[in-house]
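Asks: Would you mind keeping the following structure in view while I ask a few things?
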Amino acid sequence: MISILDLFRIGVGPSSSHTVGPMRIARRFVSTLDQQGKLSSISRIHVQLQGSLALTGVGHGSPIASVLGLLGAEPQTVDPDAVEKILAEPKAGTLRLLGKHVIKFDMMNDIELACHITPRQHPNGMRLRAYGTESLIADETYFSTGGGFIATLAQIESPTQADLVTGSCAVTYPFSSGAQLLASCQNASLDIASLILANEEAWRSPKETNEGIDALVSAMLSCIDRGLRSEGELPGGLQVRRRAPGLWRKLEASQRPNESEALLDWLNVFAMAVNEENASGGRVVTAPTNGAAGIIPALIRHYCNGQERDPEMARRFILTAGGIGLLYKQRASISGAEMGCQGEVGVACSMAAAGLAAVWGGTPEQVASAAEIGMEHNLGLTCDPVGGLVQIPCIERNAIGAVKAVNAARLALHSHETPKVSLDQVIETMRQTGLDMSSKYKETSLGGLAVNVVAC
């Protein structure tokens, strides 16, 4: 098992797999060489981005993220507003590895977009080579497996091995399927949130887990607030203007009507605020990815935040959603390059539906049903970003996903029959659909909207 505090990561946009992952990989590569006492012997670094990292890497910021990682930056602490200043030296021809060893560096030649290489292990491959004055010092291949998770070649070929940062732990209530999760809840007389909280004690105390969740929620809400304030055009050349601030002003100026349509407006504006921030390279929380980062925060902001709202509501939401997210991570994938957008927005919708059903008092069975409904109606969702940018259709797709999640939770709570489709069955269907889906529709920008909409 892995911790939900690794499933939800504070990082930067625009992509968890294409920005957060490469930054972590590059930093890990040079940090390992530093620990081995080899950093001072390096005279040149070459980074090869493969598969989806190459095909949509420029639009997703992969080359820049790689450079930041080589410099020693970390996704959770790097200042998005300082990136241009940080990159001034590498753009001028020198790179300070981990901030202490200077080498010559040419961003155009030392970072290669190998669009012709798609690794068989995972479509987000990254090969890094370090050279001395006369010989090769290190040659390593890594993979960015979605949601900011990374793996070495050995790890991805041995799925039982842990993520590079956290490692897996033995937990009190292990589960690898929805059926096992529900059985554990029944046997221990616990709801899903309480069971996940108990499992998190493998890493830290409940108090520390709650503090970690509170920090995540704070980062989510801060991201919404920034997105509601920030005006202007998003970077990348598509000339997409931020819409959340204008819609927010309109909603604030209204009499806050109670008609059902108003709910859509509030969910839309909160989700879009997050994903417009993500598209601009701002600070976001992987939930479970950057491309789907707006859905869970939108529901937390609307249903778990505000006057007379108990922080326990948001904690229950995150713990429950995290437990469902672990199932997708274990049994399928949360990588758009593997599963298409069903693995990002679809999974986020499923997790959010589960979290909201729990907040509304649903039983573990109803929570699992909400998660199943949330995914069932996102099956087959493609990932075909126009211009390789996380803007069209990604921003609006998060708004639609937030609304779907609410409806999925309501449908589940209104039903008292055993679902005809189980959560495990829908996760397996998503996995099979992702494997069958053409690579054109899996974060390569080689099909769908990406080729039918002129990117200019």
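Read-outs throughout are calculated quantities, based only on the coordinates presented, and are distinct from any laboratory measurement. Keep in mind that what you see is a predicted model, and the values were worked out from it rather than measured. Cβ placement follows ideal geometry from the backbone for every residue including glycine, while neighbour counts extend to all protein chains displayed.
Asks: Taking amide H positions as placed in the peptide plane 1.01 Å from N, state which residues far from Arg9 in sequence (5 or more) or on other chains have amide H under 5 Å from it.
Replies: Hits under the 5 Å cutoff: Thr286.
Asks: Using a 7 Å offset from the Cα along the Cα-to-Cβ direction at both Lys250 and Asn109, what is the distance between the two label points in nm, to one decimal?
Replies: It works out to 5.2 nm between the two label points.
Asks: Which Cα, out of Leu113, Thr56, Ala154, lies furthest along the positive dipole direction of the range 13-157 (beta carbon charges, K/R +1, D/E -1)?
Replies: Going by the charge dipole, the pick is Ala154.
Asks: Okay, next question. Using the Cα centre as the reference, give the magnitude of the dipole from point charges on the C-beta atoms of the range 201-277 (Lys, Arg: +1; Asp, Glu: -1; all else neutral), rounded to the nearest 20 debye. Each step should come with its number before you reach the end.
Replies: Values: 10 positive and 13 negative charges, 52 e Å.
With only Lys, Arg, Asp and Glu charged at Cβ, the dipole is about 240 debye.
Asks: Okay, next question. Size of the dipole of the chain about the Cα centre, Lys and Arg at +1 and Asp and Glu at -1 on the beta carbon, nothing else charged, in debye to 20? Numbers along the way, then the final one.
Replies: Working: 38 positive and 45 negative charges, 139 e Å.
Using Cβ point charges on Lys, Arg, Asp and Glu, the chain gives about 660 debye.
Asks: Another question, then. How many angstrom lie between the C-alpha centres of the range 231-292 and the range 348-402?
Replies: Cα centroid to Cα centroid, the span is 17 Å.
Asks: Which value, in debye to the nearest 20, gives the size of the charge dipole of the range 68-143 about its Cα centre, when Lys and Arg are +1 and Asp and Glu are -1 at the Cβ? Don't skip to the answer; put the middle values down first.
Replies: Working: 8 positive and 11 negative charges, 25 e Å.
Roughly 120 debye, rounded to the nearest 20.
Asks: Measuring from label point to label point, each 7 Å out along Cα→Cβ, what is the Arg241 to Ser189 span in nm?
Replies: 6.0
Asks: Using only Cα positions of the range 344-408, each an equal point scatterer, no hydration layer, compute I(q)/I(0) via Debye at q = 0.11, 0.12, 0.23 Å⁻¹ and quote the log10 values to two decimals.
Replies: Those come out to -0.26, -0.31, -0.85, one per q.
Asks: Across bins of 5 angstrom width beginning at 0, how are the C-alpha pair distances of the range 13-157 distributed, in whole percent?
Replies: Binned Cα distances yield the sequence 2, 11, 22, 26, 21, 14, 5, 1.
Asks: Let me ask something else about it. Once the Cβ-Cβ distance between Lys85 and His416 is put in as r, and R0 is 41 Å, what FRET efficiency do you end up with, to the nearest 0.05? All intermediate terms of the calculation are to be shown ahead of the outcome.
Replies: Numbers: r = 58 Å, r/R0 = 1.42.
My answer for the efficiency is 0.10.
Asks: Less than 23 Å apart at the alpha-carbon level, and either on another chain or at least 8 residues along: which lysines does that give for Lys91?
Replies: Candidates past the 8-residue exclusion: Lys100, Lys104.
Asks: Between Ile117 and Asp310, what FRET efficiency follows from the Cβ-Cβ distance if R0 is 56 Å, with the result rounded to 0.05?
Replies: Values: r = 51 Å, r/R0 = 0.91.
So the FRET efficiency works out to roughly 0.65.
Asks: Can you list the trypsin sites (Lys or Arg not before Pro) in the range 29-109 that are in a DSSP coil and have 11 or fewer other beta carbons within 10 angstrom? Kindly include the intermediate steps, with their values, before the conclusion.
Replies: Working: sites: Lys38, Arg44, Lys85, Lys91, Arg96, Lys100, Lys104; in loops: Lys38, Lys100.
For trypsin sites (Lys or Arg not before Pro) across the range 29-109 that sit outside H, G, I, E and B with at most 11 neighbouring Cβ atoms in 10 Å, the list reads Lys100.
Asks: Given that compact globular proteins tend to follow 2.2 N^0.38 Å, what is the ratio of the alpha-carbon Rg of the chain to that value? Before the final figure, lay out each step's value.
Replies: On the way: Rg = 21.4 Å, N = 456, 2.2 N^0.38 = 22.5 Å.
Against the compact-globule rule of thumb, the ratio is 0.95.
Asks: May I ask you to evaluate 6.51 cos²θ - 1.76 cosθ + 1.60, the Karplus curve with θ = phi - 60°, for each residue of the range 438-444 and list the ³J(HN,Hα) values in order in whole Hz, giving x for glycine and proline?
Replies: The phi angles translate into 4, 4, 4, 10, 10, 6, 10 Hz.
Asks: Further question: At most 16 other C-beta atoms within 10 Å and a DSSP loop state: those are the exposed GluC sites (Glu not before Pro) I care about. Give me the longest piece of the chain that has none. Mind showing how you got there, number by number?
Replies: On the way: sites that count: Glu134, Glu231, Glu259, Glu308, Glu417.
Longest run free of exposed loop sites: 1-133.
Asks: Oh, and also: Could you tell me which residue out of Ala253, Val240, Gly325 lies farthest along the dipole of the chain toward its positive end? Charges go on the beta carbon: Lys and Arg +1, Asp and Glu -1, centred on the Cα centre.
Replies: Most positive-ward Cα: Val240.
Asks: What 222 nm value per residue comes from the helices of the chain, counting each DSSP H run with n ≥ 4 as -39,500 (n - 2.57) and dividing by all residues, nearest 500 deg cm²/dmol?
Replies: Details: 22 runs with 229 residues, N = 456.
Computed ellipticity for the chain at 222 nm equals -15000 deg cm²/dmol.
Asks: Once you have the Cα-Cα distance between Ser31 and His101, take 0.36 nm times their residue separation minus that, and quote the gain in nm to one decimal. Spell out each step's value before the answer.
Replies: Numbers: separation 70, 0.36 × 70 = 25.20 nm, distance 1.17 nm.
Roughly 24.0 nm would be gained on extension.
Asks: Among Ala179, Ser66, His46, which residue has its Cα furthest toward the positive end of the charge dipole of the chain, with +1 on Lys/Arg Cβ and -1 on Asp/Glu Cβ?
Replies: In the chain, that residue is His46.
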